[in-house]
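These notes concern the structure reproduced below.
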Amino acid sequence: MRILLITIGIFMINTVNGQDLQKHRWENRIVLLISRNDDSKEYLAQMDEFSGFSKELEDRKLFIYQVLPLQYRTVNYPLNADQNKWISSSGLYTKYTGRENKFKVILIGLDGGIKLEKFGVLTSEELFKTIDSMSMRRAEMQNKSK
């Protein structure tokens, strides 16, 4: 009985995490910053890399998630302080990283598909170039200029 309850609990956590990213589908692109710990050199460098580009991130409809083994949070939309609180869960970390990886950056497109995966710091230039080459982004830019 205890094993059944644990299994149901794990399933519910993973379902909640899947739904958390699903809420962005067709609305936002997602960048997952996945690290085993929040003081790794790559993790801190990645956060620093994106820190000066809030307007560009917003223009490209990007949500950035910090994902650690036991928790995650969004970091670039401080409109609601509750959005930036750490949420206890291992679902995103388990789903998107392998055991051998210490640090990984994943770009998820509007359609929910993985568009870029990098095992190291992703420059803002590389991120924006990747997004700007996508057909949906080109359509967004075209509609914006009209």
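The values are calculated or read from the model by the stated rules, or taken from the named source; none is laboratory data. Fair warning: this is a prediction, and the values are worked out from it, not measured in the lab. No Cβ is skipped: glycine too gets one built from the backbone with ideal geometry, and neighbour counts run over all protein chains shown. The protein model used for the area step is the full one, side chains on, heavy atoms only, and it has no ligands, DNA or RNA in it. Shrake-Rupley method; radii C 1.70, N 1.55, O 1.52, S 1.80 Å.
For region 19-43, enumerate the residues that are in a helix (DSSP H, G or I) and farther than 13 Å from V105 by Cβ.
Of everything in region 19-43, those that are in a helix (DSSP H, G or I) and farther than 13 Å from V105 by Cβ turn out to be Q19, D20, L21, Q22, K41.
If the requirement is being farther than 21 Å from S54 by Cβ, open to solvent by 60 Å² or more (accessible area, probe 1.4 Å) and either at pLDDT 95 or above or not hydroxyl-bearing (S, T, Y) (or both), which of these qualifies: M141, M136? Can you show your working first?
Details: M141 fails: farther than 21 Å from S54 by Cβ.
One residue alone meets the criteria, M136.
Taking the residues in region 27-60 that are open to solvent by 50 Å² or more (accessible area, probe 1.4 Å) and basic (K, R) as candidates, determine which candidate is modelled with the lowest pLDDT.
K55
Go through region 61-99 and give me each residue that's at pLDDT 85 or above, part of a loop (DSSP other than H, G, I, E, B), open to solvent by 80 Å² or more (accessible area, probe 1.4 Å) and of a type outside the set (K, R).
The answer is L70, W86.
Across region 18-48, what is the number of residues that are touching a His at 6+ places or on another chain (Cβ under 6 Å) and free of Cβ contacts under 8 Å to residues at least 60 places away in the same chain?
Residues meeting the conditions: 0.
In region 100-133, what residues are of a type in the set (S, T, N, Q) and either under 15 Å from the mean Cα position of the chain (by Cα) or surrounded by fewer than 15 Cβ atoms within 10 Å (Cβ to Cβ) (or both)?
Result: N101, T123, S124, S133.
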